[in-house]
Amino acid sequence: MRSAELDEFVEKVSERTDIYSVVSQYVTLSQRSGRYWGCCPFHNEKTASFSVSPDKGLFYCFGCGAGGNVFKFLSLIENISYFEAVKLQAQRLGIDLPKRNSSPEQERRRREEKTLLKINELAQDFYHECLIKTARGEVGRKYLAARGITAETIETFRLGLAPEEWDNLLRKLTRQGYTAQQLESVGLIVKRRTLSGYYDRFRERVMIPIADVFGHVVGFGGRVLTSENEETPKYLNTPETVLFNKRNLLFGLDKSNRAISAAGAAVVVEGYMDAISLFSAGIKNVVATLGTAFTPEHVKLILRYARKIIFCYDSDEAGQRATIRALPIVQQAGAEVFVIKIPDGKDPDEFVRKHGKEAFEELIKNAATLIDYRMNYVLANTEHSTTQGKLRALQDILPVIVNVDNPVTSEEYLKKIAAELVLDERRVTDEYHKLLKQKPLNEPKKDSAIKKPKTYSEEESRIQMASEEILRMLWHEADILDYVLTVLPKEIFTPYHREIITWLEKCAEQERRPNKISAAEELSEEANLELSRILMNGSDEFGKKEVALFEESLATLRQIVLMKKFYKLKAQVESPKDEMTYNETVKELIKIKVKVDNLKGNP
């Protein structure tokens, strides 16, 4: 059950939030006719149909129908729940969450997690200062400059340097009151094997802070600078901790999520130095895995921002195998999948440093589809000169075709596969249908929160337009709700409009004014979307013109109600049960006709 404290918290965040400031971080807006307009981030468009009204605190897209308050916008753009959007905005504003009724153990864990995040933040600052402000940072600065990493990128990613001393960070943070056990729990120090005490995990390395999607530093990666010991790993990551889980993290997503949304695609690379190099070169929509296989959790993170995922792993055999393993995971999640193969066996970092941004963008433009890449990989790595070899290759290629929803596309690829393997098309088609029968039935797809506006018949359009005027007036003048319901039956309204009216009745019963926050929380997704659209399309000023529109709309709906009754009675007159019924029905028809004529003449 909602508490008064929680309601007060949401209201406080809402009052301190300017929807224009939030939306403009994601969408380029320009002012026109008292509103701000831009291209919708929720569907592809060239003409701006996405509107933001700071006065109303609402947004609405006239192209795809997305709309709501600022928290609804954040929930859609970040692909999080409504209340998670409230919490995200509160965090950005520095507003503390209300305390929950938690057990002492839960409270202890929350406090500890907050402390551990603070430790990582301090470690990030320490490494960064060592890199940019100390003489010993010179070796790190030269290394990054040689890799084409600019000062701006160093600052953006807060890159740093771990000095060569064994316990520099340990001494600094323990002097600030943090315990060795806390530093060990986030992977910054390691217990000595033979002697008592600890030493710094990262030494003489360029340091890369790894953040979650909200920008919290949860771990680090370190690239060794100089080492004569072959056993020293080139790259060293934070071990798994309560904060750091590689399956749930993509390096750089906190920096690149807006670019991914704007581009409609994410470029996925294997290592953080690849990601940093591409970002520094101007390819901003890039993320990297952290030395682990691509996971379903990674897909979910990217799908918050874009449906298109472009893999750009190293061109060596290990990188290609990693790509092949990742492709079905992404395809099953419903994403559009493409693959870049770097020429000359280079990795993304090498390629972009040698050839530049434009050349890499050309690789993106010419990225292979999942099916083409899979087919080329299988053909290059299997012996298909014999009949058995052809069938093995076919069995390796067909599973990705089975997951293609478009039958025309499937048919084209089946023909292409038959040609490449020199097989009869019917044989390929038969094998395809065998696999198709084995495929489990897909679960029904959830309706998207973003829907195309409905088209209406002439009468439906009249009802819709009149209903919108009435609901707009009811939002601002709730006292007239009883009057509206005395002259109109609820049945004349559409289901979503009836839901809004019922909710307005509930607000009146509880003696509270309706507002956009409670509407978003208490109405269904569709009804709240409809209400947002109605409010965005109307005026906040109610003079003679608005009152006249309301009265005209009321008269329009009353006419429609009466005419529906008229035609129903007319059908009864044409097949009367008896003379008395016939006469009574005719009298009722005349009365209805008079009422309709009066409404037309004097709305």
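Just so you know, all these numbers are worked out from the coordinates, no wet-lab data involved. For clarity, every value in this text was computed on a predicted model and none was experimentally measured. For neighbour counting, all protein chains shown are included, and Cβ atoms are generated from backbone atoms with ideal geometry for every residue, glycine included.
Explain nothing, just the number: relative contact order of the range 4-93, from Cα pairs under 8 Å at least 6 residues apart, as a whole percent.
Across the range 4-93, relative contact order equals 22 percent.
Based on a Kirkwood Rh over C-alpha pairs, give the Stokes-Einstein translational diffusion coefficient of the chain at 25 °C and viscosity 0.890 mPa s in µm²/s.
84 µm²/s
Roughly what would the spin-label model give for T134 and A419, points 7 Å off Cα along C-beta, in nm?
6.3 nm
For an R0 of 60 angstrom, estimate the FRET efficiency from the Cβ-Cβ distance between T486 and D372 and round to the nearest 0.05.
0.35
Looking at the chain, which Cys residues are left with no other cysteine's beta carbon under 4.7 Å from theirs?
Cysteines of the chain left without a disulfide-compatible partner: C39, C64, C130, C312, C507.
Applying 1/(1 + (r/R0)^6) with R0 = 35 Å to the Cβ-Cβ distance of F83 and T292, what FRET efficiency is obtained, to the nearest 0.05?
0.70
Of the trypsin sites (Lys or Arg not before Pro) in the range 42-142, which ones lie in a loop per DSSP and count no more than 16 other C-beta atoms within 10 Å?
Passing both the DSSP loop test and the Cβ count: K46, K99, R100.
Between R426 and E522, with labels modelled 7 Å along Cα→Cβ, what's the label distance in nm to one decimal, could you check?
The answer from the label model is 6.7 nm.
How much length is gained on full extension from L117 to W166, taking 0.36 nm per residue of separation minus their Cα-Cα distance?
Full extension of this stretch gives 15.4 nm more.
Multiply the residue separation of N245 and H355 by 0.36 nm, subtract the distance between their alpha-carbon atoms, and state the gained length in nm to one decimal.
Between N245 and H355, full extension yields 36.2 nm more.
Can you show me the helix-derived [θ] at 222 nm for the chain, built from DSSP H runs with n ≥ 4 at -39,500 (n - 2.57) apiece and divided by the number of residues, rounded to the nearest 500.
My calculation for the chain gives -17000 deg cm²/dmol from helical runs alone.
Hand me the trypsin sites (Lys or Arg not before Pro) from the range 469-571 located in a DSSP loop with no more than 16 other Cβ atoms within 10 Å, in residue order please.
R512
Let me know the longest stretch in the chain that avoids all GluC sites (Glu not before Pro) found in a DSSP loop with at most 11 other C-beta atoms within 10 Å.
After excluding every exposed loop site, the longest remaining stretch is 1-227.
What distance in nm separates the two pseudo spin-label positions at K437 and Q181, each 7 Å out from Cα along the beta-carbon direction?
Placing both labels 7 Å beyond Cα along the Cβ direction yields 6.3 nm.
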